[in-house]
1. Within segment 55-66, is even one residue buried (at least 21 other Cβ atoms within 10 Å of the Cβ) and not polar (S, T, N, Q)?
2. With the requirement that a residue be within 18 Å of residue 18 (Cα to Cα), open to solvent by 10 Å² or more (accessible area, probe 1.4 Å) and not acidic (Asp, Glu), what does segment 98-124 give you?
3. Of the numbered conditions (1) surrounded by 19 or more Cβ atoms within 10 Å (Cβ to Cβ); (2) in a helix (DSSP H, G or I), residue 90 fails exactly one; give the number of that condition.
4. Can you name every residue in segment 125-157 that is among the hydroxyl-bearing types (Ser, Thr, Tyr), open to solvent by 10 Å² or more (accessible area, probe 1.4 Å) and part of a helix (DSSP H, G or I)?
5. If only one of 122, 61 is part of a helix (DSSP H, G or I) and under 22 Å from residue 35 (Cα atoms), which one is it?
6. Taking residue 71 and the conditions (1) of a type in the set (Gly, Ala, Ser); (2) under 14 Å from the mean Cα position of the chain (by Cα); (3) open to solvent by 10 Å² or more (accessible area, probe 1.4 Å), which numbered condition does it fall short on, given that it satisfies the others?
7. How many of the residues in segment 71-81 are without any contact (Cβ under 8 Å) to a residue 24 or more places away in the chain and either touching a strand residue (DSSP E or B) at 6+ places or on another chain (Cβ under 7 Å) or acidic (Asp, Glu) (or both)?
8. What's the number of the only condition in (1) assigned to a helix (DSSP H, G or I); (2) open to solvent by 10 Å² or more (accessible area, probe 1.4 Å); (3) not β-branched (Val, Ile, Thr) that residue 83 fails to meet?
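The values are calculated or read from the model by the stated rules, or taken from the named source; none is laboratory data. Quick caveat, the model's predicted, so the values are computed rather than measured. Counting neighbours? That spans all protein chains shown, and the Cβs are built from the backbone with ideal geometry, glycine included. To get the accessible areas, we keep the full protein, side chains included, count just its heavy atoms, and leave off ligands, DNA and RNA. Shrake-Rupley method; radii C 1.70, N 1.55, O 1.52, S 1.80 Å.
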Amino acid sequence: PHGVDTTQFTFQERPEDYVLYLGRFVSGKGPLLAIETARELGLRLVMAGPSNPYFREKIQPLVDGRNIEYAGFVTGKERDRLLGGARALIYPIQYPEAFGLVLVEAMLCGTPIAAMRLGAVPEIVEEGVSGFTAATRQEFSAAVTKCFSLDRRRIERQARAQFSIEKMAREYARLYEIIAAKK
């Protein structure tokens, strides 16, 4: 079980007018798909993460400062503000990942998730409640738009209930009790 310090994230009832890509710039994280999707849907996309050769070669030439913006590497309050201000977090991963912490962080701000249905994504994103997942490129665009109608307060409450450090501690305690009872 993963626990997140929920005090580091602030619920935002009213998002600003952008969708967010937050993560490393590598092909497996799908930043190019994020750009394609935003352009196709006519959405403003803010991208945040540390610059690297892949970013400079593949992504930076597509950043125009209007529709596609680069916020740089963000931490702390700036990361919290960006996550909470997004209409949706877009998570177009191309390969399965064990646990996308950024998904939970966004949800704690009330921000819905549009993600490719790979790895741990289906365990984290509750379909139609905290976001929408997709198996194909076409489904991904639809998932992004469907996110905008979700209840941000419900997303935040569910994330706190499911991923808080307190919940993780209770689960570990319960597990230890079970193990101790078997001895």
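1. Step one: of segment 55-66, the residues buried (at least 21 other Cβ atoms within 10 Å of the Cβ) are 59.
Checking which are not polar (S, T, N, Q) leaves us with 59.
Taking every residue of segment 55-66 in turn, at least one turns out to be buried (at least 21 other Cβ atoms within 10 Å of the Cβ) and not polar (S, T, N, Q).
2. Start the filter on segment 98-124 by keeping residues that are within 18 Å of residue 18 (Cα to Cα), which leaves 102-103, 105-115.
Narrowing further to those that are open to solvent by 10 Å² or more (accessible area, probe 1.4 Å): 102, 105.
Within segment 98-124, just 102 meets the criteria.
3. The number of the failed condition is (2).
4. If the condition is that a residue be among the hydroxyl-bearing types (Ser, Thr, Tyr), open to solvent by 10 Å² or more (accessible area, probe 1.4 Å) and part of a helix (DSSP H, G or I), then 145 is the only one that fits.
5. Working: 122 fails: under 22 Å from residue 35 (Cα atoms).
Just a single option satisfies the conditions, and that option is 61.
6. Residue 71 satisfies all of (1) of a type in the set (Gly, Ala, Ser); (2) under 14 Å from the mean Cα position of the chain (by Cα); (3) open to solvent by 10 Å² or more (accessible area, probe 1.4 Å) except (2).
7. Qualifying residue count for the region: 1.
8. (2) is the only condition that residue 83 fails.
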